[in-house]
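Working notes, beginning with the structure itself.
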Amino acid sequence: MWALVFARRFLSEPVAQSPHILQREPSAQSMSIKEKSSSFDFPKLARLVSEGSRNDASCKPSPGLYLVATPIGNLGDITLRGLAILTAADAVACEDTRVSGLLLKAYGIKKPMLSYHDHNADEKRPEILKRLREGQIVVLISDAGMPCIADPGFKLVRDCRKEGLNVTVVPGPNAALTALAASGLPTDRFTFVGFLPTKKTARENELEALKHLSGSLIFYESPQRLKETLDAMARTLGADRPAVVSRELTKLYEEIRPGSLGSLAESYASAQPKGEIVILVGKGADIEPAFDLDNLLSERLTALSVRDAVAEIAALTGIPKKDVYARALALHATRKT
Ligand code: SAM
């Protein structure tokens, strides 16, 4: 009941700005969220939300690592369970303590914060593992969206699993899936690529390897590289291929721009856009829907050497050998990580 009241009050709020924007210009909207948040009883919410889950009699969540998804823009996009776990945490590990500090502050949550990002993760992981062994609740959040998805976390989860420490995911916002759902491109099969390499040759090689995949492709990109990447995609994947550029999802200036790769490259030629970007690419017209290069490769590589599997598949499908080989290498690399 209490949670419902919370949800009703919160969902009736206008669209909020991202934590970053909150920092730069505290608007009337953001202030009202902060004021209201102080009247929410989060410990009570924590007890209500955690009822029925794997908790002890005091309703304190079980010790362990919790991966909590956080908003990708709209401050309202955090789950009740996410807030409950943050409220119960002994420590919050995050990429940037300033960014996550704003999120916690907006919800009236005060916790010891540990910095955990790509550049200090190897050094900081032992400290987090030690806390977990001692029975603490440690929450991992990233600057935005799902931890571990183009963000730090996977090695920490891997090490927890090795030691048999509890890992619980509290799911929520993710830019890739939000963009895909909004795109109007087929959603039945898709490949999440994340960020392409920044070096030209490596980027074009990776695009070559993705060219024959059936299903939609999802990329993260920075505004500075958008035009260059769209040009490379048009050249490699085909200028006529349907695509969508999604910008500032869930934020005030959200923009979903569909077009062909060629036309999108042209439309972003004159002015560099601002904000955060997901590029989605639909199937090319010449791609047979029922055909999946990855499945074929996976299947044939169990019986044949890479060389023979590539030769057989190239002959069978008409895809150039170098493309099949590039995809086989990419598959191999994915399996190793
Ligand atoms: N872990 C995050 C997730 O679950 O989506 C992704 C983190 S990754 C470091 C950041 C990238 O995600 C941005 O550069 C952008 O490509 C994409 N992104 C994040 N928020 C976005 C938004 N509101 N609109 C569009 N793209 C976004």
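Here are a few things to note about the model shown:
- Cα gyration tensor shape of region 85-134, rounded if a/c is under 1.5, else prolate or oblate by comparing a/b with b/c: oblate
- Listed peptides 254-262, 69-77 by packing density, highest first (mean Cβ within 10 Å): 69-77, 254-262
- With R₀ fixed at 45 Å, the C-beta to C-beta distance from Ala182 to Arg307 puts the FRET efficiency at about 0.60.
- Exceeding the 20 Å Cα-Cα cut-off - candidates Lys227/Lys274; Lys124/Lys155; Lys211/Lys321; Lys110/Lys251: Lys110/Lys251
- Using only alpha-carbon positions in region 100-158, the gyration tensor eigenvalues give semi-axes of 19, 16, 10 Å once each is multiplied by 5 and square-rooted (largest first).
- Cα gyration tensor shape for region 228-268, rounded if a/c is under 1.5, else prolate or oblate: prolate
- Extension gain, Thr97 to Thr201: 0.36 nm times the residue separation minus the Cα-Cα distance gives 33.9 nm.
- Computed E for Glu266/Arg225 - FRET, C-beta separation, R0 22 angstrom, nearest 0.05: 0.85
- Calculated over region 293-336: convex hull of Cα atoms, volume per residue (Å³): 59
- Ratio Rg/Rh [Cα only; Rh per Kirkwood] for region 176-281: 0.92
- Taking each residue as 0.36 nm, the span from Thr317 to Lys105 lengthens on full extension beyond its C-alpha to C-alpha distance by 70.7 nm.
- What separates the Cα centres of region 223-273 and region 100-138 is a distance of 36 Å.
- If both residues of a DSSP beta bridge must be in region 176-281, then about 75% of such bridges are antiparallel.
- Taking the convex hull of Cα positions in region 220-289, its mean projected area over all directions (nm²): 4.7
- Model label sites at Glu299 and His119, defined 7 Å from Cα along the beta-carbon direction, differ in position by 4.8 nm.
Values quoted throughout were computed directly from the atomic coordinates according to the rules given, and no laboratory measurement underlies them. Keep in mind the model is a prediction, meaning the values are calculated, not measured. A quick note on method: Cβ atoms are made from the backbone with ideal geometry, for glycine too, and the neighbour counts reach across all protein chains shown.
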